[in-house]
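Trainee: Here it is: the structure, laid out below.
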Amino acid sequence: MLDFVGNANAQYDFEHKFRALVGKTHTSIEKEIEDEFPHLPLGCSIILEKKAKEAILRNIREATGFNRSQLIAKIRSFTLNSTLPLTLRNFLEFNRLELPLLYKKGSWKRLLAAAGMIADFAEPQEKELTRFMTQRLLQCNSYSYLNFIRRLIREDWEIAKPTAVEEILLLMLHYDIWREAGPNLGYKTLAQSVAILRKNPVMISELDELVDYLMDQIDFVERDIELPFPCPLKLHSRYNRDQILTALGLHTFEKASSNREGVALNKELNVEALFITLKKSEKEYSPTTLYDDYAINEYLFHWQSQNATSPESTKGQSYLKHQELDKTILLFVREQNDDEYGNTMSYVFLGDANFMKSSGSKPMNIEWRLNEPMPAYLWKETRKLAVG
């Protein structure tokens, strides 16, 4: 039994997205079914009876059986079926395979070694670099950040006299790879924590391939933003929470921020980041954190504060009077917690915003006006939340 639940305005988008869904690999569809189709258009859902769901999943698994052994077999047979060099890009394109699915089975170099296509290897930071590439970088579409990593690789992990922005980019990379403050890992300097990657030539060669591939997939032009402090973030690029906390000075080399909330304030820089997840579920959020956040148009965004915030509170006043207080408000928005492959989604940087009006108390409902319009694809997704 398959039921469509949604409003009339959403039906066309539902049909379009579901056709796109069935065009994906069977592994992606399996994930969608297991998680009850979290990536359908907002306002729509598919309801499957338990027995129907189990039968469909069983049929998919029996029909495909995509596993690591089969992937390794494809790698071994590549040179028999193609005259192209066996590279990450060529393998993905020849087999019409999505990168996240390959990375579910391991790093590219480890798969090559398992297939006997390169010599086996043992490198000290293989675990950390594998995690960095197969999880963190997959969500990255910032051309400037990826280009910075490529530059580091090709300059042997050393930049002479880095600028203030380059220092921040180095720290972003540190947290992307290590996920901890430097002293906790025994590193005395940021340069030391990065330079140690030289000891991993095989994994770094994969990183070089991956960065090139990801840069070629970017289909928009990121834009600079003027802020009252050095900041490497670019408008409309995606960043994970650690990258954002680093860019806003909350992660330092000496100490990592413990922030896990929907807002992050740096009092010294007088800047506050609003982390917004559009599509929430009761399974992932408690009733007290199911905030009502959505776009009104390309410039206006409706945001709901934390439940304890009232217009009279210090926090509420800092929003109402942020321009008088020279406080910078930055919006970071993502569609949902995880993508269709189970990877944590990064946030799209929408830039700085100005207070327009508010209503209510505990929580406050605030309309922010962006200084730059949000990307068209994100506006198309978010506007559905405002319906009804």
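The values are calculated or read from the model by the stated rules, or taken from the named source; none is laboratory data. Treat the numbers as computed from the prediction; the structure is a model and nothing was measured. Cβ: placed from backbone, ideal geometry, glycine included. Neighbour counts: every protein chain shown. Surface areas here come from the heavy atoms of the whole protein model, side chains and all, with no ligands, DNA or RNA. Shrake-Rupley method; radii C 1.70, N 1.55, O 1.52, S 1.80 Å.
Trainee: Within the group Ile329, Ile296, Ile366, which residue is within 21 Å of the chain's Cα centre (by Cα) and either of a type in the set (A, V, I, L, M) or under 22 Å from Cys231 (Cβ atoms) (or both)? Walk me through it before giving the result.
Mentor: Numbers: Ile296 fails: within 21 Å of the chain's Cα centre (by Cα); Ile366 fails: within 21 Å of the chain's Cα centre (by Cα).
Of the residues listed, the single one that is within 21 Å of the chain's Cα centre (by Cα) and either of a type in the set (A, V, I, L, M) or under 22 Å from Cys231 (Cβ atoms) (or both) is Ile329.
Trainee: If you don't mind, there's one more thing I want to ask. Considering only residues that are of a type in the set (Asp, Glu), in contact (Cβ under 8 Å) with a residue 40 or more places away in the chain and either surrounded by fewer than 17 Cβ atoms within 10 Å (Cβ to Cβ) or in contact with a Phe, Trp or Tyr (Cβ under 7 Å, 6 or more places away or on another chain) (or both), which ones fall in segment 313-356? Outline the logic, then answer.
Mentor: Step one: of segment 313-356, the residues of a type in the set (Asp, Glu) are 324, 326, 335, 338-340, 352.
Subsequent filtering for residues that are in contact (Cβ under 8 Å) with a residue 40 or more places away in the chain retains 326, 335, 338-340, 352.
If the condition is that a residue be of a type in the set (Asp, Glu), in contact (Cβ under 8 Å) with a residue 40 or more places away in the chain and either surrounded by fewer than 17 Cβ atoms within 10 Å (Cβ to Cβ) or in contact with a Phe, Trp or Tyr (Cβ under 7 Å, 6 or more places away or on another chain) (or both), then Asp326, Asp338 are the ones that fit.
Trainee: Output the residues belonging to segment 107-127 that are touching a residue at least 40 places away in the same chain (Cβ under 8 Å), in a helix (DSSP H, G or I) and under 21 Å from Val211 (Cα atoms).
Mentor: As a first pass, look at segment 107-127 and keep what is touching a residue at least 40 places away in the same chain (Cβ under 8 Å): 107-109, 111, 114-118, 121, 123-126.
Those left that are additionally in a helix (DSSP H, G or I): 108-109, 111, 114, 126.
Selection gives Trp108, Lys109, Leu111, Glu126.
Trainee: Can you name the residue in segment 154-171 that is out of contact with any Pro (no Cβ under 8 Å at 6 or more places or on another chain) and hydrophobic (A, V, I, L, M, F, W, C) and, of all such residues, is nearest to Gln243 (Cα to Cα)?
Mentor: Ranking the candidates gives Leu171 first.
Trainee: Another question, then. Here is a list: Pro228, Pro232. Which entry is crowded, with 19+ Cβ neighbours inside 10 Å, part of a loop (DSSP other than H, G, I, E, B) and not hydrophobic (A, V, I, L, M, F, W, C)? Can you show your working first?
Mentor: Numbers: Pro228 fails: crowded, with 19+ Cβ neighbours inside 10 Å.
When all the criteria are applied, what remains is Pro232.
Trainee: Another one. Considering only segment 237-253, how many residues are open to solvent by 10 Å² or more (accessible area, probe 1.4 Å), under 14 Å from Phe275 (Cα atoms) and part of a loop (DSSP other than H, G, I, E, B)?
Mentor: 1
Trainee: Further, regarding this structure: Checking Arg260 against (1) of a type in the set (D, E, K, R); (2) in contact (Cβ under 8 Å) with a residue 60 or more places away in the chain; (3) in a loop (DSSP other than H, G, I, E, B), which test does it fail?
Mentor: That leaves (2) as the condition not met.
Trainee: Please work out if Leu101 is open to solvent by 60 Å² or more (accessible area, probe 1.4 Å) and either at pLDDT 90 or above or not in a helix (DSSP H, G or I) (or both). So that I can check it myself, show each step before the final result.
Mentor: Values: open to solvent by 60 Å² or more (accessible area, probe 1.4 Å): no; either at pLDDT 90 or above or not in a helix (DSSP H, G or I) (or both): yes.
In short, no.
Trainee: Follow-up question, since we're still on this one. Out of all the residues in segment 199-219, is one or more open to solvent by 30 Å² or more (accessible area, probe 1.4 Å), farther than 24 Å from Ile153 by Cα and either not β-branched (Val, Ile, Thr) or not in a loop (DSSP other than H, G, I, E, B) (or both)?
Mentor: So far as segment 199-219 goes, no, none of its residues is open to solvent by 30 Å² or more (accessible area, probe 1.4 Å), farther than 24 Å from Ile153 by Cα and either not β-branched (Val, Ile, Thr) or not in a loop (DSSP other than H, G, I, E, B) (or both).
Trainee: Being open to solvent by 60 Å² or more (accessible area, probe 1.4 Å), over 16 Å from Leu250 (Cβ atoms) and in a loop (DSSP other than H, G, I, E, B) is the filter here; which residues of segment 169-188 pass it? Steps first, answer last, please.
Mentor: Going residue by residue through segment 169-188, those that are open to solvent by 60 Å² or more (accessible area, probe 1.4 Å) are 179-180, 183-185, 188.
If we keep only those that are over 16 Å from Leu250 (Cβ atoms) as well, we get 183-185, 188.
The answer is Lys188, and nothing else.
Trainee: Looking at (1) among the aliphatic types (A, V, I, L, M); (2) over 30 Å from Leu102 (Cβ atoms); (3) part of a helix (DSSP H, G or I), which one does Ile366 not meet, given that it meets all the others?
Mentor: With respect to (1) among the aliphatic types (A, V, I, L, M); (2) over 30 Å from Leu102 (Cβ atoms); (3) part of a helix (DSSP H, G or I), Ile366 is out only on (3).
Trainee: While we're looking at this one, here's another question. Considering only segment 270-279, how many residues are surrounded by fewer than 17 Cβ atoms within 10 Å (Cβ to Cβ) and at negative phi?
Mentor: Applying the first criterion (surrounded by fewer than 17 Cβ atoms within 10 Å (Cβ to Cβ)) to segment 270-279 yields 270.
Cutting the leftovers down to at negative phi gives us none.
So the count comes out to 0.
Trainee: Further question: May I ask you to verify whether Asn354 is of a type outside the set (Phe, Trp, Tyr) and in a loop (DSSP other than H, G, I, E, B)?
Mentor: On the way: of a type outside the set (Phe, Trp, Tyr): yes; in a loop (DSSP other than H, G, I, E, B): no.
Considered against the rule, which asks whether it is of a type outside the set (Phe, Trp, Tyr) and in a loop (DSSP other than H, G, I, E, B), Asn354 comes out as no.
Trainee: Which pairs do you get when a residue that is farther than 15 Å from Leu111 by Cα and open to solvent by 80 Å² or more (accessible area, probe 1.4 Å), found in segment 63-84, comes within reach of a residue that is at pLDDT 95 or above and of a type in the set (S, T, N, Q), reach meaning Cβ atoms under 9 angstrom, with the pair 6+ apart or on two chains?
Mentor: Leu84/Asn90
Trainee: Right, another one. Go through segment 135-157 and give me each residue that's without any contact (Cβ under 8 Å) to a residue 60 or more places away in the chain and open to solvent by 30 Å² or more (accessible area, probe 1.4 Å).
Mentor: Arg151, Arg154, Glu155, Asp156
Trainee: Identify the residue in segment 287-312 that is under 23 Å from Glu381 (Cα atoms) and hydroxyl-bearing (Ser, Thr, Tyr) and, among all such residues, is modelled with the lowest pLDDT.
Mentor: For segment 287-312, the residue satisfying everything is Thr289.
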